[in-house]
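Working notes for the structure below.
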Number of protein chains: 6
Amino acid sequence: MWIYEKKLQYPVKVSKCNPMLAKFLIEQYGGADGELAAALRYLNQRYTIPDKVAGLLTDIGTEELAHLEMIATMVYKLTKDATPDQMKACGLGAHYADHDKALYYHNAAGAPFTITYVTAKGDPITDLYEDIAAEEKARATYQWLINLSDDPDINDALRFLREREIIHSLRFQEAVEILKEERDKKVYF
Amino acid sequence: MWIYEKKLQYPVKVSKCNPMLAKFLIEQYGGADGELAAALRYLNQRYTIPDKVAGLLTDIGTEELAHLEMIATMVYKLTKDATPDQMKACGLGAHYADHDKALYYHNAAGAPFTITYVTAKGDPITDLYEDIAAEEKARATYQWLINLSDDPDINDALRFLREREIIHSLRFQEAVEILKEERDKKVYF
Amino acid sequence: MWIYEKKLQYPVKVSKCNPMLAKFLIEQYGGADGELAAALRYLNQRYTIPDKVAGLLTDIGTEELAHLEMIATMVYKLTKDATPDQMKACGLGAHYADHDKALYYHNAAGAPFTITYVTAKGDPITDLYEDIAAEEKARATYQWLINLSDDPDINDALRFLREREIIHSLRFQEAVEILKEERDKKVYF
Amino acid sequence: MWIYEKKLQYPVKVSKCNPMLAKFLIEQYGGADGELAAALRYLNQRYTIPDKVAGLLTDIGTEELAHLEMIATMVYKLTKDATPDQMKACGLGAHYADHDKALYYHNAAGAPFTITYVTAKGDPITDLYEDIAAEEKARATYQWLINLSDDPDINDALRFLREREIIHSLRFQEAVEILKEERDKKVYF
Amino acid sequence: MWIYEKKLQYPVKVSKCNPMLAKFLIEQYGGADGELAAALRYLNQRYTIPDKVAGLLTDIGTEELAHLEMIATMVYKLTKDATPDQMKACGLGAHYADHDKALYYHNAAGAPFTITYVTAKGDPITDLYEDIAAEEKARATYQWLINLSDDPDINDALRFLREREIIHSLRFQEAVEILKEERDKKVYF
Amino acid sequence: MWIYEKKLQYPVKVSKCNPMLAKFLIEQYGGADGELAAALRYLNQRYTIPDKVAGLLTDIGTEELAHLEMIATMVYKLTKDATPDQMKACGLGAHYADHDKALYYHNAAGAPFTITYVTAKGDPITDLYEDIAAEEKARATYQWLINLSDDPDINDALRFLREREIIHSLRFQEAVEILKEERDKKVYF
């Protein structure tokens, strides 16, 4: 179970109201390689992964929930003072029509989140390869978002998140090595 | 952000290996009215709900993550000792072909989780009505699962979860009253 | 069965060609809380609801079909005289590429309608809570659309539709009371 | 707008409780070539089709709503007296876990209805080709269902529905001829 | 099996960098009536169609793969020199956030490709009606794209593709006649 | 463009009619880690990958089309002589109701293929990590299918396919090394 601590993992500041940037950032909220997909992927794999690695999945899965909260805070702060007309002008009229200023788990184009972004195969090393790929894809997405953004405060937080994904990727690569060593003693299939 | 505590909210025991029961229980893992939908719904609504109610959404959303973990534990324990042939005989051959014994966020019929089960309208009272309906639907689902199950240990945990949904529903109903009182002073739209 | 009467429930006028407004209004045609979802939800629940309430579901479900037709008429009238270039300029180029001026059941962002917006639990009071929430969400959506629109003729029809949703919500709330009274005599589960 | 008349287009009788047959019949309720898809397809195309054919689309679209109601009645009657254990034994345990005895718009395999089964291109003759194909596919589905069924009462109703699809197909083929004649005078694009 | 030949079926030139046109053309890459849907539809039907027609399905299915490659080349050439800011200005910011300049199988509005655009009924004549309708719909889509485009080089290739769809439609109509003749000797159901 | 050669990459024999095995094998036809997803993933990434690696993607993508055809042949041969009653008894009644004996791109549980199983990020090394993970997941799926099957002829073909995935994974790993060497000279972002 989880205990909520009322603070963000890393402070989120926003230079100014900027709904169009929010439209792009929401990719990491409800998109294919976003934080929701990441958290759900790792927390789900814990049951069939060997004990040696289960703790790592719990730790990173829990951290991705904190990242999800950071992205939510960014998106909210970037849009909360926008008028309907400003939302419309920034390509967020469709979002406003459905959700007003509320957040929603969709990608930047408005396609609703689907769990089919995520897999689970039961084979531990395979699942870790999936996780490494996921972290690399999240890292790339943060790069594309930084390229799209000119808000220095947002970019600071995006760079923090990008760096975390790089570290997660390394830790998953280490976990593969640990399991491969184990595998040389016994055989998985 | 969240801190993980390595215990379940309520103990989960399983009388015996029973993959067919697991097949049904997974409805509350990745189905329309399951715990994943619930957690994501409440945690997402926090940003546009008045402060008076935001804490409630965080609390219940966080508790639903713990319920999700309980369901995962049940499903895993009910299937972990099953052979491929037993999985096949219980209607879980399709799940095995894709996931071996790993869990996956789909409903009992195998339809993958989609966020379109969840809404967010930005209007606080509307969002709370959605939440009350969600709790009632989760409560009904737990009842249908109890009707399908003859495992006394599982039923004990399912009854615990059903009772929690009833309490959540009541708390959301109270929150509606609080916000309606507020609304009588100012107007939302 | 149904008999078609060749008139709209309420007259639909359009001040001028306005494809961007059509883009937003289509939310109530094929979106999560739109008229299609509403009609399908109520007509589907009729079989397992007690007789006392089944007629209400038929009546409101049939009325939602009439609302669907009103929205279709608005969307069509707002776009029928637009050139491809005007469609493009209003963010409807993607719609035009697929459908020319034909309507389609998607939300304002272009996500195709999915029945996963709708639930049916079999438990009568639960299904009515779902229906109340649905009406509140439709009401909120009409408000967001009115906020986005500056066409006085369209706004007149949207206000009519918003008022109907409020009345439906009240009638579903009454139905809950009727069934709760019944329940005090016998028990549903 | 529509007026509801409280009778079925054709009487629906059921020889005996038979949930497995219900599981298959639901294909025509919420499946790719089912009655819901058909009704929505025709009613949606009315706005961009020439007036000469619009009435035909309204008529057939309205009749498909009546067929949808017939299928719903069959499915309900085939399952209403089944116990949870009987549902489970017939492969409907997953449906029961989510919906109890309520209907839901999914196909026989449990995949939820999606509007992507339906298209609308705006070009009248193209849309009519789509409609002819739809009727042929519905006809084939009724044949596969008759092959799966050994309930003489159900088969009687299924044969009625199959014949209606054949007639609809012919009427759409006539409409193509009418529009092609028109086209020889003016050009659509 | 297939052998790749490193050339396009028809040369693809692009007058100038034009990301907005790419946004529309992608409809034929991953949209409902696009080349991917077409190729998958025909190649899948080969197994249950009579031998007389199976070769036609293989030929046309294989050609649609070549068309898919032509569309991919157009989309890539139209966007490869665009900056992130140009992508943003043309309504491709959401695509860039997820994919940078990579292609993806979605429609012009960004809805991801789903196989539910495609059917397979097993009845040969029915499947051919589906195929005729598919070709007509692809033809219409090419017309809408030509209407949206002012790039003469692109339009040349789009006209080539539109003509191919017309030829495919005729060949499928001939195949229906062949099978109907056969059917007059034996009966399919 | 592609040229079709009328032979399978590897011979496909089937010991006896076995619809239940077909039900599981279809996972590799239209499932998350199946051959369709694989072919579409690699062929789509070719445009933004460096020339040094593009040929590899074309080769493997084209080979996956051949694998798709092998799986189709297996599924067809395993079901073609089954009666509707045999289909029903093996859990394929739902498939029969929709498709008769025709194939369809869905997974073993009947969930229709969606392109959201596939990603494309534009960053070459990231896309190759995705490809390595995809091959590992396909390999695992073949193992689960072999575990479910007792048809020696099918198992021979499944083992061939499993070995091909291992080779593809190695080739993608080599490609990563080639691109990393390149990257040490210039920088991708």
- In whole Å, largest first, the alpha carbons of segment B:1-57 cover along the principal axes 46, 27, 16
- Lys and Arg at +1, Asp and Glu at -1: neighbours of B:Glu165 with Cβ under 12 Å from its Cβ sum to -2
- Between B:His106 and residues 5 or more places away or on another chain, the pairs with built amide H atoms under 5 Å apart involve B:Gly30, B:Phe113
- Among F:Leu179, F:Ala134, F:Phe160, pick out the residue whose Cα is farthest towards the positive end of the charge dipole of chain F, where Lys and Arg carry +1 and Asp and Glu carry -1 on C-beta, about the Cα centre. F:Phe160
- On the formula 1/(1 + (r/R0)^6), with r taken between the Cβ atoms of C:Arg183 and F:Lys7 and R0 of 51 Å, the FRET efficiency rounded to 0.05 is 0.15
- Considering every residue in A:132-139, what mean count of other chain Cβ atoms within 10 Å of its Cβ is obtained? 6
- Note on the structure: Probe 1.4 Å, protein heavy atoms only: D and C together bury a total accessible area in Å², to the nearest 100, of 4000
- Per-residue mean of other chain beta-carbon atoms within 10 angstrom of the beta-carbon, peptide F:26-33? 4
- How many Å² of accessible area per residue for chain C, probe 1.4 Å? 33
- Given a Förster radius of 30 Å and the C-beta distance between E:Glu174 and D:Arg171 as r, what FRET efficiency does 1/(1 + (r/R0)^6) yield to the nearest 0.05? 0.80
- Message: Name the residue from E:Val12, E:Ile115, E:Leu103 whose Cα lies farthest towards the positive end of the charge dipole of chain E, charges +1 on Cβ of Lys and Arg and -1 on Cβ of Asp and Glu.
- Response: E:Leu103
- Item | Dipole moment magnitude, nearest 20 debye, segment D:1-125 about Cα centre, only Lys, Arg, Asp, Glu C-beta charged | 260
- Task: Could you compute the FRET efficiency for F:Asp156 and B:Asp85, with r as their C-beta to C-beta distance and R0 at 25 Å, rounded to 0.05?
- Result: 0.75
- Query: With Cβ to Cβ distances under 14 Å as the rule, what net charge do the other residues near F:Met87 carry (K, R +1; D, E -1)?
  - Reply: 0
- Taking alpha-carbon centroids only, segment D:59-101 lies from segment E:53-74 a number of Å equal to 41
- Item | Value of relative contact order over chain A, rounded to a whole percent, pairs C-alpha under 8 Å and six or more apart | 29
- Message: Please state the shape class of the protein assembly as shown: rounded when a/c is under 1.5, otherwise prolate if a/b exceeds b/c and oblate if not, all from the C-alpha gyration tensor.
- Response: rounded
- Item | Out-of-range pairs (alpha-carbon distance over 31 Å; input C:Lys77/C:Lys137; D:Lys7/D:Lys137; B:Lys137/E:Lys23; A:Lys77/E:Lys23; C:Lys13/D:Lys52) | B:Lys137/E:Lys23
- If the label for D:Pro50 sits 7 angstrom from Cα along the Cα-to-Cβ line, what are its distances to the same label in every other copy, in nm to one decimal, shortest first? 3.5, 5.5, 6.0, 6.0, 7.3
- Semi-axis lengths (Å, descending) of the ellipsoid that matches the C-alpha gyration tensor of chain F: 34, 16, 14
- Query: Averaged over peptide B:36-48, how many Cβ atoms belonging to another chain are found within 10 Å of each residue's Cβ?
  - Reply: 4
- Burial order of peptide ranges E:27-36, C:51-60 (average beta-carbon count within 10 Å, highest first): E:27-36, C:51-60
- Task: Keeping the other protein chains in place, figure out the carbon and sulfur percent of the accessible area of the protein assembly as shown, with a 1.4 Å probe.
- Result: 51
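The values are calculated or read from the model by the stated rules, or taken from the named source; none is laboratory data. Predicted model only: the values in this text are computed from it and were never measured. Cβ sites come from the backbone with ideal geometry, for glycine too, and all protein chains shown count toward neighbours. Side chains included, ligands, DNA and RNA excluded: accessible areas come from the protein's heavy atoms. Shrake-Rupley method; radii C 1.70, N 1.55, O 1.52, S 1.80 Å.
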